[in-house]
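Notes follow the structure.
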Amino acid sequence: MPQQLASDYYEVMQISPNAELDTIQRVYRILAQRYHPDNQATGDAERFRLLTEAYEVLSEPEKRAHYDVNRPQRLQERSYLLSEAIRAVTDVEAEQLLRLTVLELLYARRRTEPRTPGIFYADLETLVGQPREHIEFGLWYLSQKKYVDRTDGSQLVITVDGVDYLEANASLRQRVPRLTAGRSPVGTY
């Protein structure tokens with residue numbers, strides 16, 4: 001398994017995988033302006049480089065199609081990385097990280113897909129890289145604390161309280177490698 005995994009370009013650009021080309025171009029212009037190294041207030045050369053890399057792939061139909069075909073495998077590799085990192089800590093820390101991971105996934109889904117913000121239980125198992133019996137306690141806890149809720153279609157969604165909790169505890173999440181922090185190998189998309 002590779003040490004560093006490529007970032008998910010849709011996450012980098014903060015867009016849905018269903019985004020149209022004009023949306024990709026608009027978002028790129030906004031984020032490029034924000035992260036350009038010449039912007040003294042919010043410039044970030046590394047984020048700008050990654051953003052530009054993502055834009056170059058997602059704005060070209062052929063490159064985007066190739067990227068989309070390989071994306072599920074990359075997401076599965078990222079889930080595996082997370083599950084390995086969680087195994088390396090104590091049970092209590094592992095539960096905390098698992099709950100934060102679930103909230104982070106639901107947060108990202110609500111942010112990128114506001115009309116369909118839920119994730120089915122089975123999909124969550126795949127994304128987290130853990131079987132149902134390993135995440136049931138965490139989901140029970142999140143539900144009891146009202147950080148997640150179930151929709152009529154049995155999907156899990158993050159609540160306002162869940163967003164607040166996630167943002168307040170983001171520093172705990174830094175103990176494991178950020179899934180979007182990897183570098184993509186040259187020529188790979």
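The values are calculated or read from the model by the stated rules, or taken from the named source; none is laboratory data. None of the values given here were measured: they were computed from a predicted structure. Here the Cβ positions follow ideal geometry from the backbone for every residue, glycine too, while neighbour counts run over all protein chains shown.
One table, with the values for the structure above:
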quantity	calculated
Helices (runs of 4 or more DSSP H) within the stretch 89-189 that include 2 or more residues basic (K, R) and either modelled with pLDDT of 85 or more or surrounded by 14 or more Cβ atoms within 10 Å (Cβ to Cβ) (or both)	91-112
Conditions (1) part of a loop (DSSP other than H, G, I, E, B); (2) in contact with a helix residue (DSSP H, G or I) (Cβ under 9 Å, 6 or more places away or on another chain): number failed by L31	(1)
Whichever residue in the stretch 43-69 is touching a Phe, Trp or Tyr at 6+ places or on another chain (Cβ under 8 Å) and either over 16 Å from V12 (Cβ atoms) or of a type in the set (K, R) (or both) and, among such residues, is surrounded by the most Cβ atoms within 10 Å (Cβ to Cβ)	R47
Near pairs, Cβ below 6 angstrom, 6+ apart or cross-chain, from the stretch 146-162 (touching a residue at least 60 places away in the same chain (Cβ under 8 Å) and under 14 Å from D123 (Cα atoms)) to any residue that is assigned to a strand (DSSP E or B) and not small (G, A, S)	none
